[in-house]
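The values are calculated or read from the model by the stated rules, or taken from the named source; none is laboratory data. Because the structure is a prediction, the values reported are computed rather than measured. Backbone-built Cβ (ideal geometry, glycine too); neighbour counts: all protein chains shown. SASA here: full protein model, heavy atoms, side chains in, ligands and nucleic acids out. Shrake-Rupley method; radii C 1.70, N 1.55, O 1.52, S 1.80 Å.
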Amino acid sequence: MSSQYWIDVRYCIKSSRYQAVCLFVNDTADAEVMWVLSMCGVKMIAMRCAGFDRIDTKAAQTFGISVTRVPAYSPYAVAEHAVALLMTLNRKTHMASTRVKMADFTLDSGLLGVDIYGKTVGVMGTGKIGQILCNIIAGFGVKLLAHDVYESDDVKALGGTNVSQEVIFKTCDIIFLMMPLLPATKHTINEKVLPLLKKGVIIINTSRGALIETGALVSGLNSGIIGGCGLDVYENEAKYFFQDWSAKSIEDNTLVSLMGNNRVLMTAHQAFFTREAIDKIVSTTVDNLSNFLDGKRGSDLPNSVC
């Protein structure tokens, strides 16, 4: 059972014949949903993703519902997509391709990019995905800075230096956001940060939308402080992503504004979407369900959230 971007009582009632349900990254299971699921006899939620910030884990424990996830599938997929966003945004290859298909072979400032070589690049979050990204981006010949509460020896071996957030903001030409969404990381990019940013900075986010305060992003783009932004995630994406809105009116004016901004490149939460990652998600989710059927519950499940 999975809705496209939310779960309501109707979907919960449909689960009454099942012991387990399978949810995705933008499905929200709050306390009310947990209560209804428990009343329907559901004992397990199998998340087919790594993130679980939309799951009320306290309510799950209260109602005796085990929750599992897929902690890792293809960190290479997400890191590679982040670099793809950067290169497309910088060199305007998406715009160039559209022009060429229309037999427009001209060059002008609308297609002008910069060398990545020699630039100062900041990677905020050096977990597995962040480390892979650092390995890729180091190959461009950049000055590599990183920020994480746990300093990475692998990043240090690449010539990277772990620094404060303030140093990242003030000195970096390009900033990658690779952190999980936690209370401490929510709105890492916000209105107060804008004056600290190096003018013209490019920001790439393939992690969680709420790492960026959307209003601050719009302000930064309009003022020229933020020179470009590559987004695979959006703070208020839940209502729209993984659905076809092409024949409907999008009510989120900020999203519409970002979609129409030539200095913004957006994809719809597809950074994970490779064959290798899907194979891993499927196999791990099936393993999680098999462990549940074998009688394991809660923390006894190998990939348990609660």
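Numbers for the structure displayed
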{"item": "Single match in Ile168, Ile202 (criterion: among the aliphatic types (A, V, I, L, M) and within 20 Å of Met259 (Cα to Cα))", "result": "Ile202"}
{"item": "Breaking point among (1) more than 25 Å from Leu197 (Cβ to Cβ); (2) hydrophobic (A, V, I, L, M, F, W, C); (3) open to solvent by less than 60 Å² (accessible area, probe 1.4 Å), for Phe273", "result": "(3)"}
{"item": "Some residue of region 290-304 being hydroxyl-bearing (Ser, Thr, Tyr), open to solvent by less than 50 Å² (accessible area, probe 1.4 Å) and in a strand (DSSP E or B)", "result": "yes"}
{"item": "Those residues of region 231-240 which are of a type in the set (D, E, K, R) and in contact (Cβ under 8 Å) with a residue 40 or more places away in the chain, in sequence order", "result": "Asp232, Glu237, Lys239"}
{"item": "Answer residue from region 85-121, given it is part of a loop (DSSP other than H, G, I, E, B) and open to solvent by less than 60 Å² (accessible area, probe 1.4 Å) and is farthest from Ile202 (Cα to Cα) among those", "result": "Asp104"}
{"item": "Single residue of region 38-84 satisfying the filter (more than 19 Å from the chain's Cα centre (by Cα) and part of a helix (DSSP H, G or I)) that is nearest to Met178 (Cα to Cα)", "result": "Thr57"}
{"item": "Subset tally (residues that are at pLDDT below 60 and open to solvent by less than 30 Å² (accessible area, probe 1.4 Å)) for region 1-45", "result": "2"}
{"item": "Gly130 vs. criteria touching a His at 6+ places or on another chain (Cβ under 8 Å) and either under 23 Å from Ser219 (Cα atoms) or not in a loop (DSSP other than H, G, I, E, B) (or both)", "result": "no"}
{"item": "Leading residue by the ranking (farthest from Thr274 (Cα to Cα)) among those in region 33-64 that are in contact (Cβ under 8 Å) with a residue 40 or more places away in the chain and β-branched (Val, Ile, Thr)", "result": "Thr57"}
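Condition check ((1) out of contact with any His (no Cβ under 9 Å at 6 or more places or on another chain); (2) free of Cβ contacts under 8 Å to residues at least 40 places away in the same chain; (3) open to solvent by 60 Å² or more (accessible area, probe 1.4 Å)) across all residues:
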position	(1), (2), (3)
Asp154	yes, yes, yes
Gly160	yes, yes, no
Asp173	yes, no, no
Pro180	yes, no, yes
Gly200	yes, yes, no
Gly209	no, yes, no
Gly215	yes, yes, no
Phe242	no, no, yes
Lys248	yes, yes, yes
